[in-house]
Amino acid sequence: MPVGVLHHDSSSERFSFPFPRDSHVHFHQKAKTPADFAQKFSRNPTFFCKTLWRNLEFFAIIERESDFCCEVRELKPVIRAIAFDLDDTLLRDDRTISDETVSVLRRASEAGIFILPASGRTYCSMAGFAKRIGCASRVICANGAVIAQPDGTTLHELTIPADIARQVARFAKERGCYCQTYAGDCFYYNQQGDYARAYAESSSLRGVYVGDLEQHLSAPTTKLLMMAPPEQVVQMLAEAQAQFGESVALTCSKPYFLEVNPPLATKGHALSVCAEEMGFPLSQCMAFGDSLNDVSMLRAAGHGVCMGNGREDVKRMGFAVCGTNQEDGVARYIQQILFD
């Protein structure tokens, strides 16, 4: 189906396309004028000439000198890497990855495309999903604080200094808020109850109750997580921004999460590190996400895609939108854009 029409400007002998930028191109390098072009190909009046402009392919057909038409079809974009969030993006609501999704990702990998799962989870919480996918090139963990090999070898790690981490724990305690931190396959938390139980179930990590988390934090950490009702999280986010400034990075992957990471730890920054080291331009990366902690990654990638079930404020940022996580939106979008 044509997505544009070519227009001829006889005064300049140029053909213009109705696109906002770089809209004028010469019709054919061997034909100086439309008449010259028509004469060259008069024996084949339906000759069609192909030229490339950005990611579009133009087919121009001549019937007679005064009648020029152009059909514009989109080319498959050049994609060298695919990055994606896990929860509410690649994973279904029951935290499984469908066979269809695995098949599409492996097909992309076999085509030479780097596969980059990127989550707020720690490596130990992501390892099972990386194994299920079976073709991950790198694993971006803890909102970009850690970049690891699929086997768990840490390639890059950013940490919050212990004194700042203790201040965050104190911030949570002063507000009566649940807070946890991480080490290995464990998370360490300050309040017993539903938050800890639910997190242990969803993360596959072992929870360890330590009571006063501030006293427990004697070493740097990659992440702290506070949990509270959504309206309290909104208030705490503003207060934390005012108190900690640029000493930490703050984000929310769920309405009841307030996540605290090292200053440069974002998925977008981690993606840029992977791009530089693995040799692909960010413009040739496709990225999928649903929430605020995904925005930096969607903006960094040349082709950012928000999930159909994503936050409305993220959808309004101008990214492409695919199906929901329940509909295997990631897999079907990749299939449609790259393989159909």
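Computed from the coordinates by the stated procedures, all read-outs in this text should not be read as laboratory data. Computed from a predicted structure; not experimentally measured. Cβ placement follows ideal geometry from the backbone for every residue including glycine, while neighbour counts extend to all protein chains displayed.
Taking all pairs of different Cα atoms in the range 136-215, averaging 1/r and flipping that mean, what Kirkwood radius in angstroms comes out? Answer for the range 136-215: a Kirkwood hydrodynamic radius of 13.9 Å. Distance from the alpha carbon centroid of the range 211-236 to that of the range 148-195 works out to 7 angstrom.
Taking the average, over residues, of other Cβ atoms within 10 Å as the packing measure, peptides 304-310, 98-104 rank 304-310, 98-104 from highest down. For the range 196-255, the alpha carbon convex hull comes to 121 Å³ per residue, rounded to a whole number. Packing-based ranking of 151-160, 289-298 yields 289-298, 151-160, ordered from highest to lowest mean Cβ neighbour count within 10 Å. Both radii were evaluated on the Cα set of the range 225-340; the Rg over Rh quotient, with Rh as the Kirkwood radius, amounts to 1.02. Only one residue of Leu250, Ser218, Val208 has its Cα farthest out toward the positive end of the dipole of the range 162-261, where Lys and Arg carry +1 and Asp and Glu -1 on Cβ, and that residue is Val208.
Would you mind calculating the relative contact order of the range 174-312 from Cα pairs under 8 angstrom and at least 6 residues apart, reporting the percent as a whole number?
Working: 213 pairs, mean separation 23.0, N = 139.
Relative contact order for the range 174-312 comes out at 17 percent.
Normalised by 2.2 N^0.38 Å, where N is the number of residues, the C-alpha radius of gyration of the range 162-261 stands at 0.97.
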